[in-house]
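Input: a single structure, listed below in structure tokens.
The values are calculated or read from the model by the stated rules, or taken from the named source; none is laboratory data. Worth saying up front: this structure is predicted, and the values here are computed from it rather than measured. Cβ coordinates were reconstructed from backbone atoms using ideal geometry, including for glycine residues, and neighbour counts include every protein chain displayed.
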Amino acid sequence: MRVSTGIKGLDEMLDGGFPEGRVILLCGGPGTGKTIFSLQFLAAAAERGEHGVYVTLEEPKSLVLENVEVFGWKLREREANKTFRVLDFCAVPFGVETYEVKSRDTGDIVLSMTKDLVNAVKEINAKCVVLDPLNSITVHEQRAGLKRYRIASIFDELRKLRVTSVLTSEVTSHEDFYMEEFLADGVIWLEKSIQNFNLIKTVRIEKMRGVKHDEQPRRYIINDKGITVYNTEPVKF
Ligand SMILES: Nc1ncnc2c1ncn2[C@@H]1O[C@H](COP(=O)(O)OP(=O)(O)OP(=O)(O)O)[C@@H](O)[C@H]1O
Ligand SMILES: [Mg+2]
């Protein structure tokens, strides 16, 4: 079974959409559209009657919802009628709505976040989950082995819940080693580059286990409808 990404052009690149119940990593630098992408995915799910939970780990909930108001996804209404839920798990306490993180131990953070997430998923019978960004959870963990274990345990928890999940990852280069790319079932990159003094944005599917997917980078735009991928046009460099 496939789950629509909610992004025009991307489902075609994925031969129908994300594989159901899998963990997808969405990688990209600042301002590439990771947050918009992930909320567009949940808004489209809600539109089909599939409930979703969005865990914000960096931007406070009020700002996240304000930033995407322009797209008309009715997220506040959806939250009010319990078809959508935002869990504010910001590591930095910006305001009254945010959680106060009492411990910097990644084990404690993972435990309390997964507990709240499992409860929220069960309460609204969610089928889709977003963690935005995943890096925030393990940022204080210096030990590589433990970092890998924490990430793997979050992925396990999500697979057990049988939700289709998009986890954003704040990364800018392919040169560094990101273990989460190996642990995830799918990896998508959002990238910006300059071509003849023009900025172009491209989306590329690095991997998607069990899916025969488009391997070419394709251009995407962000406008007042959200993200649209031009999946039939080649990208010229
Ligand atoms: N209404 C809009 N029309 C066109 N472009 C927009 C609109 N709203 C946002 N953008 C673009 O989207 C970018 C922000 O997208 P988003 O917040 O999803 O990025 P992000 O990858 O999550 O960034 P970060 O890593 O900083 O969280 C803006 O920098 C802007 O370029
Ligand atoms: Mg973001």
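For the stretch 15-26, state whether one or more residues are out of contact with any Cys (no Cβ under 6 Å at 6 or more places or on another chain) and within 14 Å of ligand 1 (Cβ to nearest atom). The answer is yes, given that some residue of the stretch 15-26 is out of contact with any Cys (no Cβ under 6 Å at 6 or more places or on another chain) and within 14 Å of ligand 1 (Cβ to nearest atom).
In the stretch 9-44, the qualifying residues are those that are assigned to a loop (DSSP other than H, G, I, E, B) and within 12 Å of ligand 2 (Cβ to nearest atom), and the one that is surrounded by the most Cβ atoms within 10 Å (Cβ to Cβ) is 32. Determine whether residue 200 is within 15 Å of ligand 1 (Cβ to nearest atom), more than 19 Å from the chain's Cα centre (by Cα) and free of Cβ contacts under 8 Å to residues at least 60 places away in the same chain. Here the answer is yes, as residue 200 does meet what is asked.
Of all residue pairs spaced 6 or more apart or on separate chains, those with beta-carbon atoms under 7 Å, a first member in the stretch 222-237 that is basic (Lys, Arg) and a second member that is at pLDDT 95 or above and not in a strand (DSSP E or B) are 225/71.
Kindly check whether there is at least one residue in the stretch 51-65 that is near ligand 1 (Cβ under 9 Å from one of its atoms) and at positive phi. Even if it seems obvious, please write down each step before you answer.
The initial filter retains those residues of the stretch 51-65 that are near ligand 1 (Cβ under 9 Å from one of its atoms), namely 58-59, 64.
The next check asks that each one be at positive phi; those that pass are none.
Scanning the stretch 51-65 turns up no residue that is near ligand 1 (Cβ under 9 Å from one of its atoms) and at positive phi.
The residue that is nearest to ligand 2 (Cβ to nearest atom), among those in the stretch 187-237 that are part of a loop (DSSP other than H, G, I, E, B) and of a type in the set (Asp, Glu), is 224.
Inspection of the stretch 165-183 finds no residue satisfying the criterion of being more than 16 Å from ligand 2 (Cβ to nearest atom), of a type in the set (A, V, I, L, M) and in a loop (DSSP other than H, G, I, E, B).
Can you tell me which residue among 151, 137 is at pLDDT below 90 and closer than 23 Å to residue 21 by Cα?
On the way: 151 fails: at pLDDT below 90.
When all the criteria are applied, what remains is 137.
Determine, yes or no, whether residue 168 is within 16 Å of ligand 1 (Cβ to nearest atom), closer than 15 Å to residue 25 by Cα, loosely packed, with under 14 Cβ neighbours inside 10 Å and of a type in the set (S, T, N, Q). For residue 168, the condition - within 16 Å of ligand 1 (Cβ to nearest atom), closer than 15 Å to residue 25 by Cα, loosely packed, with under 14 Cβ neighbours inside 10 Å and of a type in the set (S, T, N, Q) - is not met. The number of residues in the stretch 58-70 that are within 14 Å of ligand 2 (Cβ to nearest atom) and either at pLDDT 95 or above or in a helix (DSSP H, G or I) (or both) comes to 7.
For the stretch 45-57, which residues satisfy the criterion of being crowded, with 20+ Cβ neighbours inside 10 Å, away from ligand 2 (no atom under 14 Å from the Cβ) and farther than 26 Å from residue 221 by Cβ? Quick ask: steps written out before the conclusion?
Here is the first cut: in the stretch 45-57, the residues crowded, with 20+ Cβ neighbours inside 10 Å are 45-46, 51-57.
Remaining after also requiring away from ligand 2 (no atom under 14 Å from the Cβ): 45-46, 51-53.
Matches in the stretch 45-57: 51, 53.
Specify the residue that is nearest to residue 138 (Cα to Cα); the eligible residues are those in the stretch 71-93 that are within 16 Å of ligand 2 (Cβ to nearest atom) and assigned to a loop (DSSP other than H, G, I, E, B). Ranking the candidates gives 91 first.
Residue by residue, here is whether (1) surrounded by fewer than 20 Cβ atoms within 10 Å (Cβ to Cβ); (2) closer than 19 Å to residue 58 by Cα; (3) not small (Gly, Ala, Ser) holds:
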| site | (1), (2), (3) |
| --- | --- |
| 111 | yes, yes, yes |
| 119 | yes, no, yes |
| 123 | yes, no, yes |
| 133 | no, yes, yes |
| 137 | no, yes, yes |
| 156 | yes, no, yes |
| 161 | yes, no, yes |
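Residues checked against (1) charged (D, E, K, R); (2) under 15 Å from the mean Cα position of the chain (by Cα); (3) in a loop (DSSP other than H, G, I, E, B):
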site	(1), (2), (3)
113	no, no, no
118	no, no, no
122	yes, no, no
130	no, yes, no
140	no, no, yes
146	no, no, no
149	no, no, no
153	no, no, no
158	no, yes, no
